[in-house]
Amino acid sequence: MEEYRDLPLTIAAMQRVLDEPELAGIDAGVVLQAYLPDSHAACEELCAWALARHRRAGGRLKIRVVKGANLAMERVEAELHGWPQAPYATKAEVDASFERLVETVLDARWADAVRVGVASHNLFDVAWAMQLSAQDRIDLEMLEGMAPAQARAVRAAAGGVLLYAPVVRTDDLPSSIAYLTRRLDENTSPDNFLRALFTLEPDSPAWHEQRARFEQARSDRASLSTEPRRNQDRSVAPAPVALDTPFHNAADTDWARAANRRWIAAALASPPAVDVSVLDTIEQIDAVVETARSSSWHDASVAERRRLLHAAADVMERERGTTLALMAHDAAKTVAEGDPEVSEAIDFARWAAVTIPGAGEVPLPAGACFEPLGTVVVASPWNFPYAIAAGGVCAALAAGNAVILKPAPEVRTVALHLARQLWAAGVPVDALQYVACPDDEVGRRLVTHPDVDAVVLTGALETAEHFLDWRPSMRLFAETSGKNAIVITGAADEDLAIKDLVRSAFGHAGQKCSAASLAIVEAAVYDDERFRRRLADAVRSVRVGPSTDLATMTGPLIGEPSDRLERALTVLDPGESWLVEPRRIGEHTWTPGVRMGVRPGSWFHRTECFGPVLGLIRARDLDHAIEIQNDSTLGLTGGIHSLDEHEVS
């Protein structure tokens, strides 16, 4: 196992397979990483299981102990999601953990059932392992090509050394590159023994430094903490955040934690019941606008607005599970997609609170004054029914405006749930009103009402154009359609590019204005059959199903596909072909599709389809790719995958 989140899955899968009767007597192996505190409990569990299995059928287990494989990746993931990093914080802790794990595996309790692979290039570690008493249970292991002279010396002294190397078919060499790159990165890090090896001689300064590190690890191993560093538990009610706490992003849910998986399963089993009343007359809309105009919210002090928005963020965090369940059941949003949306909504509330002009965080320029607009309508979308609604509402409230929240009809329950959270936090009901109304003359009256001072819209470009046609003088703040592309160059890490492309194109079934519905691929990569095969495999591996199923990676559409989306899912244009053909597998549910041969300037290149279909365009070189990427009237977001910093800059 290489990623922290895969540790319990790896162990469970291995145990299930090896407990099959026909496999119960075979020998097998697993790798544990010493940089994870969690590996210690896993090691005890594995050794006890291996002993019981050996007594039943005779099979033995080898546990290969390594220092760690993906420290940079683990740090990046933790920072992105607001978690503590899973590995130990220091190299000294990792070294102590390594020795403690080796000693655990060599415990006499399971001597007949378990052996150890001591995987290290650190010659102090190797020498220590060579003098341990249980030599018949120890394999010394190194990586082929990383330290060949030292490997030969260890073989001569110990009688043997096991070398590891990636083995691939000749026509699939790139598959080994990611592995080799991680090993090179690991072994050339500042604290790694191999980095010091070039100047290491007995009694040299480098020698004494490495010796001191080894002796410190020996001294610290018994007192080392083996408690997991990531210990988030959503079932425990979160404490309110103090008002004077500096802004920091809300942490996403850590699904590697079993407690959190149990928590969300319980929430999905009991979604909230939200009853919505629809206003269907112009008179009712006029009354809502009059209530907003009469609100005294604009007189609320900066401190009061700030306090209530902070309180609203606390309510949002406390009710995270309820919100996720509601979005899964009513908005076709999987938990994996919904959870960062809840975090974003919480961030919007806290950020609005700390950035109110005059609150101290954002000083007003000399001579400037601050005046609210008045009454603001927030017309929120169905694809981000919670976060985008929260962003518009909280920003408008922070500025002292009375707000009318009018959601898309498909997600009225989610928006009402949000409004109730803000009311529960203390926001007055006349400062924030919720309006569910049909998208006919009643809805038109709301957004064009002469006493509405601004409209905040997230939706289709055509919707924004309709609003301005209805009332050309409207003060409209709109985020609209996106036809977005990721450029993949010949210098890209292709595996990572494919991973990101699939996630961006098919997350929430592609129903995002920020989704990458195009990949503009440099010719050398586009023409490579291996790239196409790996992309197709990744797309076909996407699990499609109900949004309420925790195993689902891509959920259903919000409704029947539009004419444009149906064409994109079913009709190819001249020169195009299906790398992966989409299929309808249920009500509103399609498997992802990939179109090859999309031509610059073609219908699919220029049309936002808003669904699970990706198009690939071949570019001669990077300049050509950028030209194609910029040739769009709907370019909302864009990306590039390249390991060449000159290409990125």
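The values are calculated or read from the model by the stated rules, or taken from the named source; none is laboratory data. Because the structure is a prediction, the values reported are computed rather than measured. Cβ atoms come from the backbone with ideal geometry, glycine included; neighbour counts cover every protein chain shown. Each accessible area value is taken on the protein alone, full model and side chains, heavy atoms only, with ligands, DNA and RNA left out. Shrake-Rupley method; radii C 1.70, N 1.55, O 1.52, S 1.80 Å.
Within region 547-635, the GluC sites (Glu not before Pro) that combine a DSSP coil assignment with at most 11 other C-beta atoms in a 10 angstrom radius are Glu587. Near Val580, the amide H atoms lying under 5 Å from its own belong to Val594; only residues 5 or more places off or on other chains count, and H is placed 1.01 Å from N. Loop-located chymotrypsin sites (Phe, Trp or Tyr not before Pro) across region 333-404 with a Cβ neighbour count of 12 or fewer within 10 Å are Phe370, with loop assigned by DSSP.
Magnitude of the charge dipole for region 583-633, about its Cα centre and with charges confined to Cβ atoms of Lys, Arg (+1) and Asp, Glu (-1), is about 300 debye.
Could you give the angle, 0 to 90 degrees to the nearest 10, between helix 282-294's Cα long axis and the longest principal axis of the Cα atoms of the chain? Roughly 80 degrees, rounded to the nearest 10.
Cα centroid separation, region 414-468 to region 182-256: 49 Å.
The separation of region 543-558 from region 581-649, counted between C-alpha centres, amounts to 23 Å.
Placing dummy labels 7 Å off each Cα toward the beta-carbon, the span from His466 to Ala12 is 4.6 nm.
Only lysine pairs 8 or more places apart, or on different chains, with alpha-carbon atoms under 22 angstrom apart are counted in the chain, and they number 9.
Shape of region 262-396 from the C-alpha gyration tensor: oblate (a/c of 1.5 or more and a/b not above b/c, with a ≥ b ≥ c the square roots of its eigenvalues).
Would you calculate the volume per residue, in Å³, of the smallest convex hull containing every Cα atom of region 407-524? Kindly include the intermediate steps, with their values, before the conclusion.
Values: hull volume 18.8 nm³, N = 118.
Roughly 159 Å³ of hull volume per residue.
Using only side-chain charges placed at the Cβ, +1 for Lys and Arg and -1 for Asp and Glu, the dipole size of region 315-460 relative to its Cα centre rounds to 160 debye. Just check region 1-134 against the gyration tensor rule for me: Cα atoms, a ≥ b ≥ c as the square roots of the eigenvalues, rounded for a/c under 1.5, and otherwise prolate or oblate depending on whether a/b exceeds b/c. Oblate.
Using heavy atoms of the protein chains and a probe of 1.4 Å, the accessible area assigned to Thr589 is about 20 Å². Calculated mean residue ellipticity, 222 nm, the chain: -13500 deg cm²/dmol, from DSSP H runs (n ≥ 4) at -39500 (n - 2.57) each, averaged per residue and rounded to 500. The relative contact order of the chain comes to 10 percent, based on Cα pairs under 8 Å that sit 6 or more residues apart.
Full extension of the segment from Asp563 to Val278, taken as 0.36 nm per residue of separation minus the current Cα-Cα distance, would add 99.8 nm. Hull volume per residue, based on the alpha-carbon atoms of the chain and their convex hull, is 204 Å³.
The listed residues Ile640, Ile520, once ranked by accessible area (1.4 Å probe) with the largest placed first, stand as Ile640, Ile520.
Computed extension length for Asp644-Ala127: 182.1 nm, one decimal, from 0.36 nm per residue of separation with the Cα-Cα distance subtracted.
Please arrange Thr570, Thr375 by accessible surface area, largest first, computed with a 1.4 Å probe and ligands excluded.
Values: Thr570 75, Thr375 5 Å².
The most accessible residue leads, giving Thr570, Thr375.
Only Cα pairs under 8 Å and 6+ residues apart enter the sum, and on that basis the relative contact order of region 204-308 stands at 22 percent.
Would you work out the relative contact order for region 24-133, in percent, from Cα pairs under 8 angstrom that are 6 or more residues apart?
Working: 157 pairs, mean separation 38.4, N = 110.
Worked out over region 24-133, it gives 35 percent.
Each residue of region 529-545 is assigned a 3J(HN,Hα), and the resulting list reads 4, 5, 5, 4, 5, 5, 5, 4, 4, 5, 5, 5, 7, 5, 7, 9, x Hz, derived from the Karplus form 6.51 cos²θ - 1.76 cosθ + 1.60 (θ = phi - 60°), x at Gly and Pro.
Sparse packing (at most 10 other Cβ atoms within 10 Å of the Cβ) combined with a DSSP loop state is found for the following chymotrypsin sites (Phe, Trp or Tyr not before Pro) in region 129-198: Phe198. The HN-Hα couplings worked out from phi for region 299-316 by the Karplus form 6.51 cos²θ - 1.76 cosθ + 1.60 (θ = phi - 60°) are 8, 4, 5, 4, 4, 5, 4, 5, 4, 5, 5, 4, 5, 4, 4, 4, 5, 4 Hz, whole numbers, x standing for Gly and Pro. Summing Cβ point charges (Lys, Arg +1; Asp, Glu -1) relative to the Cα centre of the chain gives a dipole of roughly 1440 debye.
Go through 168-174, 512-518, 237-243 and give me the packing order, highest mean Cβ count within 10 Å leading.
On the way: 168-174: 10.0, 512-518: 23.3, 237-243: 11.6.
Descending packing order for the listed peptides: 512-518, 237-243, 168-174.
Computed over the alpha carbons of region 442-580, Rg followed by Dmax gives 19.5, 60 Å. Pairing the Cα long axis of helix 258-269 with the longest principal axis of the chain, what angle in degrees results, from 0 to 90 and rounded to the nearest 10? The helix 258-269 is inclined about 30 degrees to the chain.
Measuring with a 1.4 angstrom probe and ignoring ligands and nucleic acids, Glu45 comes out at about 90 Å² accessible. Scanning residues 5 or more positions from Gly615 or on other chains, those with amide H under 5 Å from its amide H are Leu518, Ala519, Arg595, with H placed 1.01 Å from N in the peptide plane. Of the residues His208, Leu461, Val403, the one whose Cα sits farthest towards the positive end of the charge dipole of the chain is His208 (charges of +1 on Lys and Arg Cβ, -1 on Asp and Glu Cβ, taken about the Cα centre).
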